[in-house]
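Novice: Below you will find the structure I want to go over with you.
The values are calculated or read from the model by the stated rules, or taken from the named source; none is laboratory data. Just so it is clear, the structure is predicted and the values come from calculations on it, not from any experiment. When we count neighbours, we look across all protein chains shown, and the Cβ atoms used for this are built from the backbone with ideal geometry, even at glycine.
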Amino acid sequence: MDGQHLAALEAFSPKNEAPRKSKAQFAIHINDCLRKNNRKDALEVAKEALSIFPEDPFFLSHLGYLLATVEKRPKEGCTACEKAIGIIARSASEDKEYFYPILYLNLGRACLAGRLKKEALDAFYAGLKYDARHKELLSSIRKLGQRRAPVVPFLDRSNPLNKLLGKLRHKMLFSGKS
């Protein structure tokens, strides 16, 4: 019966049309490119996947991360990652909890490309709510390190005085290191 079904599908499909990749094949290809640190090719694969599966949050999230890091477009990248998180939040899928750590990891990486360290940390910690032992999220947090307390604690960290004094403190502490 399965053989008849496949034969019927082949008989009615155009002969000159290239076979389409499945979502899984695209995902594997993207992950292979990223594992080989070939983000440019991963970006092209993500774009191709989205041309076939335009509302897929996994591909949209990867596109956002790659736009931010490869094409140096962090604002568009963060927007795409946030859209992907919104899509998965509205979905009825029972396994959506599995995707959240990956989506938040990509959002955090896109934020880092835009030098938004606080937003990146917030994204990484949000991902840990769904998988507290996610290796890449934990590694990303460790790489960012802990921030020191503001020099003047009663002023906001973003206060110009705290920024200036923080830079001076950093120079004093690390001027001897090479």
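Novice: Tally time: how many residues in region 152-166 are in a helix (DSSP H, G or I) and surrounded by fewer than 10 Cβ atoms within 10 Å (Cβ to Cβ)?
Specialist: 1
Novice: Collect the residues in region 51-69 that are of a type in the set (A, V, I, L, M, F, W, C) and surrounded by fewer than 18 Cβ atoms within 10 Å (Cβ to Cβ), keeping them in residue-number order.
Specialist: Of everything in region 51-69, those that are of a type in the set (A, V, I, L, M, F, W, C) and surrounded by fewer than 18 Cβ atoms within 10 Å (Cβ to Cβ) turn out to be Ile52, Phe53.
Novice: Would a scan of region 142-151 turn up a residue that is exposed (fewer than 11 other Cβ atoms within 10 Å of the Cβ), within 22 Å of Leu66 (Cβ to Cβ) and either touching a Cys at 6+ places or on another chain (Cβ under 8 Å) or modelled with pLDDT under 95 (or both)?
Specialist: Within region 142-151 (the criterion being exposed (fewer than 11 other Cβ atoms within 10 Å of the Cβ), within 22 Å of Leu66 (Cβ to Cβ) and either touching a Cys at 6+ places or on another chain (Cβ under 8 Å) or modelled with pLDDT under 95 (or both)), the answer is yes, since at least one residue qualifies.
Novice: Additional query: Checking Pro74 against (1) more than 20 Å from Ala113 (Cα to Cα); (2) surrounded by 18 or more Cβ atoms within 10 Å (Cβ to Cβ): exactly one of these is not met. Which one?
Specialist: Every condition holds for Pro74 apart from (1).
Novice: Do the conditions hold for Asp122, that is, is it assigned to a helix (DSSP H, G or I), among the acidic types (Asp, Glu) and closer than 20 Å to Glu82 by Cα?
Specialist: yes
Novice: Tell me whether region 129-138 contains one or more residues that are closer than 22 Å to Leu34 by Cβ, in a loop (DSSP other than H, G, I, E, B) and charged (D, E, K, R).
Specialist: Yes.
Novice: Report yes if Ala49 is within 14 Å of His29 (Cβ to Cβ), out of contact with any Cys (no Cβ under 9 Å at 6 or more places or on another chain) and in a helix (DSSP H, G or I), otherwise no.
Specialist: It is true that Ala49 is within 14 Å of His29 (Cβ to Cβ), out of contact with any Cys (no Cβ under 9 Å at 6 or more places or on another chain) and in a helix (DSSP H, G or I).
Novice: Can you find, within region 81-116, the residue that is farthest from Pro57 (Cα to Cα) among those that are surrounded by fewer than 14 Cβ atoms within 10 Å (Cβ to Cβ) and touching a helix residue (DSSP H, G or I) at 6+ places or on another chain (Cβ under 9 Å)?
Specialist: Here the residue is Arg115.
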